[in-house]
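**Student:** Have a look at this one.
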Amino acid sequence: MLEHQKVNVVNEVCGKLPSPVLPKGVPKKELPDRFSRYFSDKISKLRQELDHDAEDPGTETADSVPKFSGDIFRNFKEITAQEVKNILTASPSKTCSLDPIPTKLLKTCLDSTLPEITNIFIQSLSTGVVPDSFKKAIAISREARNR
């Protein structure tokens, strides 16, 4: 174990949390806005550079990228109700606020809903259309642990 890791363990056991490293001379009330501006400016600069690179004649274009030469995957093996059931029953019973039905309840009434759920998957794979509700997610950032 490295020396700084030992110090971190001792501090953690003793209840000593490291103080946050913040810029000096900046009022704490201004920090969130400055942080936000910093990243907004970084993203703007990056976008400008990307736009500039796209205009540069030395960059790759759609015509200069090699064409795909493999076999095109056109057919999916139709998923069976048993495969859907196996996947759903093996999944954790966690639920998200976007779920139309809590996972635990879904598993309870799976036998009666299985034909409809299987059909949704079959239709999605055969048409190439994914329901909009399947495309939504909630991202939650968590505070990083001090190392």
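The values are calculated or read from the model by the stated rules, or taken from the named source; none is laboratory data. Predicted model, so just to flag it, every value in this text is computed and none were measured. Here the Cβ positions follow ideal geometry from the backbone for every residue, glycine too, while neighbour counts run over all protein chains shown.
**Student:** So is Ala54 at pLDDT below 85, of a type in the set (A, V, I, L, M) and surrounded by fewer than 10 Cβ atoms within 10 Å (Cβ to Cβ) or not?
**Tutor:** no
**Student:** Would you check if Ile101 is within 30 Å of Ile117 (Cα to Cα), at pLDDT 75 or above and of a type in the set (Val, Ile, Thr)?
**Tutor:** yes
**Student:** I've got another one for you. What is the residue count in the range 85-140 for residues that are of a type in the set (Asp, Glu) and outside any helix (DSSP H, G or I)?
**Tutor:** Going through the range 85-140 one residue at a time, the tally reaches 1.
**Student:** Lys24 is checked against (1) part of a helix (DSSP H, G or I); (2) among the basic types (Lys, Arg); (3) out of contact with any Pro (no Cβ under 9 Å at 6 or more places or on another chain) and fails just one. What number does that condition carry?
**Tutor:** (1)
**Student:** Also: I'd like the full set of residues that are farther than 22 Å from Ser124 by Cα and modelled with pLDDT of 90 or more, limited to the range 62-92.
**Tutor:** The answer is Pro92, and nothing else.
**Student:** Would you please name the residue that is surrounded by the fewest Cβ atoms within 10 Å (Cβ to Cβ), looking only at residues in the range 119-133 that are within 19 Å of Thr89 (Cα to Cα) and within 25 Å of the chain's Cα centre (by Cα)?
**Tutor:** Ile120
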